[in-house]
Amino acid sequence: MTWWRSAVIYQVYVRSFADGDGDGVGDLAGVRSRLPYVRDLGVDALWFNPWYLSPWVDGGYDVADYRSIDPVLGTLAEAEQLIAEAREHGLRTIVDVVPNHVSDQHAWFTAALASEPGSEERSRFWFRPGTGVSCELPPNEWVSHFGGPAWTRTKDADGVPGEWYLHLFAPEQPDLNWDHPDVRREHEDVLRFWFDRGAAGIRVDSAALLVKDPDLPELDPASPAPHPYVDRDELHDIYRGWRAAADSYPEPRVLIGELWLPDPDRMARYVRPDELHTAFNFDFLTSPWEADRLRECIDSTLAAHREVGAPATWVLANHDVTRQVTRLGRAATSFAFETKRAGVATDPALGLRRARAAALLAMALPGSLYVYQGEELGLPEVENLQPHWIQDPMHHRSGGVDPGRDGARVPIPWSGSRRPFGFSPDDAAWPTWLPQPDGWASLTVEAQTADPDSTLELYRSGLAIRRQEPGLGDGELRWLDSATGVLAFARGSLACVTNLSGRPVRLPAHDRALLSSAPLAGDRLPPDTTVWLRLGTHTDNAAPAGDATQRSD
Ligand code: NOJ
């Protein structure tokens, strides 16, 4: 079973997808009621962000119990029902597993806090004495991904400050010690728990961070030694164990890694045949809207994946990054957490035009594709959330400098002309957990359905063609000769041409145009537009003979 090599996977951020019970927060009942929508969009699988019991300090990535569903979202029985119903609609389910850390409310961590330094309970985490005269300083100077120190000091039962514990994210997300056998055992159990309930696979959160150098050395970029907690070689053994568990099912389960690694070759090591199946392509997601840079990303991605026989993935957005309509409308179009700031000027019309072109480009590339809920509606980032609404610790722990990620997590507009735009039932008592902008009436699913110019219909058409077209999905790509600033490649008898050159360009010889992200200008492709062409009689001569960019395999 290799469905995942070509799959289109739709990411559901449950709290913001659809609210079934009217409390302003999306839930499993809401997802169940909207399954036909996702089926009709033309995707193969759903990836759900964490839905487990959680204090929601980090959007559910602080898991208190993997074996129960948070009551705000539903029940375990409902999750089982949802997985089964999705399957009836032809949709597989991917669940999110967060192995680097747990919530500080997890039974293991509360037991650790209640136990003595040096105890078995504490050894599942990274507890250490502090440094300085009276241990008033953290064990080292590692910094949390959300800002501030990666260590928090505990208090002993008598209220006296005690040991420190490590958290690469928020203090409420203590890091697990992957050298401890319980940690390994427990996670393999959790995988099986969800596989047994019909999950077709798991998304592995922060997959490059689990293993730490037990000496916890300071970071030294000049040192040739492996990084103390990123991309350590010991990780591969863990994923081999998970692969064995995934492969033990009659329909083997799929492992998808969240690996933010700049080097495509290092990343490819995680998708070797006995490890994870695929990994998110963050190089593509962060790339600027520039032909050379995108081509380099496509080539290096495909080369690194070819080496290990894994399919590439193409991702333009997720719940952690600025929505592409806003990002691509800016002067600087790449994405970086470090430079993300609110209020940087953006041209929404240009951003939408580019986002549509980027979508058709991504859909045509070899491998699998991710669609983050709302991108098919062309939703922009909501950049004017008042601070009191924002829940993301990235915002609060940066002292408000970083806008955080909630602007990409605003509830989806489904129908109607007033908030909550069908997200909650009509008689809902509560506002949505993050407020939708007033002006989203034209972006609802209802408003866009059957409008041939809408972004939703562009996604529907593109995904329908992708599904039927034998040349798309997994497979090979053949670059076509093209003008500077233009990306043109063939997949079988279909060509995908994206114009990033800023001026109209002539289309290559073709039989007919199948789909374009903006109207064509006669035989010219306007700027910031992607077109899919049926090469037909021109399939073989679309690339000049001996083209050095042609792939030979
Ligand atoms: C990556 C997740 O996508 C993000 O939302 C989360 O904050 C961190 N991992 C920590 O779990």
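The values are calculated or read from the model by the stated rules, or taken from the named source; none is laboratory data. Computed from a predicted model, the values in this text were never measured in an experiment. Note that each Cβ is placed from the backbone with ideal geometry, even for glycine, and that neighbours are counted across all protein chains shown. Remember, those area values only see protein heavy atoms, side chains included, never the ligands or the DNA or RNA. Shrake-Rupley method; radii C 1.70, N 1.55, O 1.52, S 1.80 Å.
Within region 299-311, can one find any residue that is in a loop (DSSP other than H, G, I, E, B), within 16 Å of the ligand (Cβ to nearest atom), surrounded by 15 or more Cβ atoms within 10 Å (Cβ to Cβ) and not assigned by TED's automatic domain parsing to the domain that holds Ala488?
So in region 299-311, the residues in a loop (DSSP other than H, G, I, E, B) come out as 309-311.
Now narrow it down to the ones that are within 16 Å of the ligand (Cβ to nearest atom): none.
Scanning region 299-311 turns up no residue that is in a loop (DSSP other than H, G, I, E, B), within 16 Å of the ligand (Cβ to nearest atom), surrounded by 15 or more Cβ atoms within 10 Å (Cβ to Cβ) and not assigned by TED's automatic domain parsing to the domain that holds Ala488.
Could you please find all residues in region 132-170 being over 21 Å from Val98 (Cβ atoms), in contact with a Leu (Cβ under 8 Å, 6 or more places away or on another chain) and not β-branched (Val, Ile, Thr)?
Listed by number, the residues that qualify are Pro139, Asn140, Glu141.
Under the condition of being touching a Gly at 6+ places or on another chain (Cβ under 7 Å) and of a type in the set (D, E, K, R), which residue from region 365-384 is nearest to Gly473 (Cα to Cα)?
This residue is Glu381.
Scan region 431-443 and tell me whether some residue there is within 16 Å of the ligand (Cβ to nearest atom), free of Cβ contacts under 8 Å to residues at least 24 places away in the same chain and part of a loop (DSSP other than H, G, I, E, B).
no
What are the pairs with Cβ atoms under 7 angstrom where one residue, in region 44-61, is within 26 Å of Met363 (Cα to Cα) and the other, located anywhere, is among the basic types (Lys, Arg) and more than 10 Å from the ligand (Cβ to nearest atom)? Sequence gap at least six, or different chains.
Asp44/Arg92; Ala45/Arg92
Can you name the condition, by its number, that Ala428 falls short on among (1) modelled with pLDDT under 95; (2) open to solvent by 40 Å² or more (accessible area, probe 1.4 Å)?
(2)
I'm trying to understand the selection: among the residues of region 491-504, which are surrounded by 22 or more Cβ atoms within 10 Å (Cβ to Cβ) and either among the polar types (S, T, N, Q) or assigned to a strand (DSSP E or B) (or both)? Quick ask: steps written out before the conclusion?
Initial filter on region 491-504 (surrounded by 22 or more Cβ atoms within 10 Å (Cβ to Cβ)): 491, 494-500.
Arg491, Leu494, Ala495, Cys496, Val497, Thr498, Asn499, listed by residue number.
If Leu259 passes every condition in (1) of a type outside the set (Phe, Trp, Tyr); (2) open to solvent by less than 10 Å² (accessible area, probe 1.4 Å); (3) away from the ligand (no atom under 16 Å from the Cβ); (4) not in a helix (DSSP H, G or I) but one, which one does it miss?
All conditions are met except number (3).
Can you find a residue in region 139-150 that is among the aliphatic types (A, V, I, L, M), open to solvent by less than 10 Å² (accessible area, probe 1.4 Å) and in contact with a Lys or Arg (Cβ under 8 Å, 6 or more places away or on another chain)?
First, the residues of region 139-150 that are among the aliphatic types (A, V, I, L, M): 143, 150.
Filter once more, so that each one left must be open to solvent by less than 10 Å² (accessible area, probe 1.4 Å): 150.
Checking the rest, the ones that are also in contact with a Lys or Arg (Cβ under 8 Å, 6 or more places away or on another chain) come to none.
Within region 139-150 (the criterion being among the aliphatic types (A, V, I, L, M), open to solvent by less than 10 Å² (accessible area, probe 1.4 Å) and in contact with a Lys or Arg (Cβ under 8 Å, 6 or more places away or on another chain)), the answer is no, since none of the residues qualifies.
Condition (residue is within 16 Å of the ligand (Cβ to nearest atom) and either open to solvent by 60 Å² or more (accessible area, probe 1.4 Å) or in the same structural domain as Val12 (by TED's automatic domain parsing) (or both)) applied to region 355-370: is it met by at least one residue?
yes
Taking the residues in region 212-245 that are more than 16 Å from the ligand (Cβ to nearest atom), within 30 Å of Arg92 (Cβ to Cβ) and open to solvent by 10 Å² or more (accessible area, probe 1.4 Å) as candidates, determine which candidate is nearest to the chain's Cα centre (by Cα). Before you say what the answer is, go through the steps one by one.
We begin by selecting, within region 212-245, every residue more than 16 Å from the ligand (Cβ to nearest atom); these are 213-228, 232-234, 236-245.
Of the ones still in play, those that are also within 30 Å of Arg92 (Cβ to Cβ) are 236-245.
Pick out the ones that are also open to solvent by 10 Å² or more (accessible area, probe 1.4 Å) and you get 237, 240-241, 243-244.
Working: Asp237: 24, Arg240: 22, Gly241: 24, Arg243: 21, Ala244: 24 Å.
It comes out as Arg243.
Of all residues in region 90-115, which are more than 23 Å from the chain's Cα centre (by Cα) and either over 28 Å from Trp164 (Cα atoms) or not in a helix (DSSP H, G or I) (or both)?
The first filter runs over region 90-115 and keeps only residues more than 23 Å from the chain's Cα centre (by Cα), leaving 104-115.
Asp104, Gln105, His106, Ala114, Ser115, listed by residue number.
Do the conditions hold for Glu338, that is, is it surrounded by fewer than 21 Cβ atoms within 10 Å (Cβ to Cβ), touching a residue at least 24 places away in the same chain (Cβ under 8 Å) and of a type in the set (D, E, K, R)?
Details: surrounded by fewer than 21 Cβ atoms within 10 Å (Cβ to Cβ): yes; touching a residue at least 24 places away in the same chain (Cβ under 8 Å): no; of a type in the set (D, E, K, R): yes.
When the stated conditions are applied, Glu338 does not pass them.
Could you list, in sequence order, the residues of region 1-11 that are open to solvent by less than 10 Å² (accessible area, probe 1.4 Å) and either out of contact with any strand residue (DSSP E or B) (no Cβ under 7 Å at 6 or more places or on another chain) or closer than 17 Å to Gly198 by Cα (or both)?
Of region 1-11, the ones open to solvent by less than 10 Å² (accessible area, probe 1.4 Å) are 7-11.
Passing the criteria: only Ile9.
Can you tell me which residue within region 373-410, out of those that are charged (D, E, K, R) and assigned to a loop (DSSP other than H, G, I, E, B), is farthest from the ligand (Cβ to nearest atom)? Show your work before the answer.
Initial filter on region 373-410 (charged (D, E, K, R)): 375-376, 381, 383, 392, 397, 402, 405-406, 409.
Filter once more, keeping what is assigned to a loop (DSSP other than H, G, I, E, B): 381, 383, 392, 402, 405, 409.
Numbers: Glu381: 15, Glu383: 19, Asp392: 8, Asp402: 12, Arg405: 7, Arg409: 9 Å.
The selected residue is Glu383.
Take region 520-534 and flag every residue that is surrounded by fewer than 17 Cβ atoms within 10 Å (Cβ to Cβ) and among the hydrophobic types (A, V, I, L, M, F, W, C).
Leu520, Ala521, listed by residue number.
State yes or no: is Trp56 surrounded by fewer than 21 Cβ atoms within 10 Å (Cβ to Cβ) and within 16 Å of the ligand (Cβ to nearest atom)?
Working: surrounded by fewer than 21 Cβ atoms within 10 Å (Cβ to Cβ): yes; within 16 Å of the ligand (Cβ to nearest atom): yes.
For Trp56, the condition - surrounded by fewer than 21 Cβ atoms within 10 Å (Cβ to Cβ) and within 16 Å of the ligand (Cβ to nearest atom) - is met.
Restricting to region 84-114, what's the tally of residues that are on the phi < 0 side of the Ramachandran plot and open to solvent by 10 Å² or more (accessible area, probe 1.4 Å)? Please lay out each step first, then the result.
Residues of region 84-114 on the phi < 0 side of the Ramachandran plot: 84-89, 91-114.
The next check asks that each one be open to solvent by 10 Å² or more (accessible area, probe 1.4 Å); those that pass are 84-85, 87-89, 92, 104-108, 110-111, 113-114.
Residues meeting the conditions: 15.
Taking region 172-192 as the search range and keeping residues that are open to solvent by 10 Å² or more (accessible area, probe 1.4 Å) and under 23 Å from the mean Cα position of the chain (by Cα), which one is farthest from the ligand (Cβ to nearest atom)?
Arg192
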